[in-house]
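Student: Structure provided below as structure tokens; questions to follow.
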Amino acid sequence: MHHIPNIISALRILLVLPIAHQLLHAEWKNALILIFVAGISDAIDGFLARNYKWQSKLGGFLDPLADKLLLTVVFVTLAYKDIIPNWLAILVISRDLIILLGAIVYHWVTRELRMTPILISKINTTMQITFVLALMYHLAINPMTEPVLNILKYGVAITTLLSGIMYVIHWSRYTIKYLSKKQHNKNGAI
């Protein structure tokens, strides 16, 4: 039973290709339904993992991987289709690459890795999901006004920038703290 959240995360990863296919072929309603299913599955696996203590290292890896993979593919595909500006897709992907690079460097220096999302990152993910769902609703069901879509688009841009900056600061502080502690221990051992 404790593997159910991991299975749900893996199934969410499997939804990425059908979602990309629907987006590429402008099947907006189908894409909206699949993205909505992916979002619900994310909420369900998180609920199960937290409330039933079914958390695992694999789940700690699969869940964010599924989220990032889905959002990256959606943003890239929407930019490719000229639905969103290229700069927004590049910004979203760059932020994720910076976070990944920071985590790799931190792990390389310290030989440890603590993946704890910061508040602005959670806000950013929520903004990205809200923007994608609103855009899919706009394309599939009922056109929304341009100012509403622009507010969401620039909300994603601002929270993406802030989140990327905060992660750089976050990883830098952890690395400096680790190196300082290591140097202190080295000096104290003499």
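Student: What residue among 29, 122, 57 has the largest mean-square fluctuation in a Gaussian network model of the chain, using Cα springs under 10 Å?
Tutor: Highest fluctuation of the listed residues: 57.
Student: Can you tell which of 117, 147, 64 shows the greatest fluctuation in a Gaussian network model of the chain with Cα springs below 10 Å?
Tutor: Most flexible of the set in this elastic network: 147.
Student: List 116, 130, 159 from most exposed to least, where exposure is judged by having the fewest other Cβ atoms within 10 Å.
Tutor: 116, 130, 159
Student: Moving to a separate point now. What does the convex hull of the alpha-carbon atoms of the chain project to on average, in nm²?
Tutor: Averaging across all directions leaves 12.3 nm² for the Cα convex hull.
Student: Provide the per-residue ³J(HN,Hα) series for the stretch 160-165, in order, calculated from phi with Karplus coefficients 6.51, -1.76, 1.60 and θ = phi - 60°, each as a whole number of Hz, with x at glycine and proline positions.
Tutor: Coupling constants for the stretch 160-165: 5, 4, 4, 5, x, 4 Hz.
Student: Given a Förster radius of 45 Å and the C-beta distance between residue 69 and residue 187 as r, what FRET efficiency does 1/(1 + (r/R0)^6) yield to the nearest 0.05?
Tutor: Result of the calculation: an efficiency of 0.55.
Student: Starting with the fewest neighbours, write out 2, 170 ranked by other beta-carbon atoms found within 10 Å of each beta-carbon.
Tutor: Values: 2 13, 170 18.
Listed from fewest to most nearby Cβ atoms, that is 2, 170.
Student: Which entries in 122/181; 57/81; 122/177 show an alpha-carbon gap greater than 26 Å?
Tutor: 122/181; 57/81
Where a number appears in this text, it was derived from the coordinates with a stated rule and is not lab data. Please read all numbers here as calculations on a predicted model, not as lab measurements. Cβ sites come from the backbone with ideal geometry, for glycine too, and all protein chains shown count toward neighbours.
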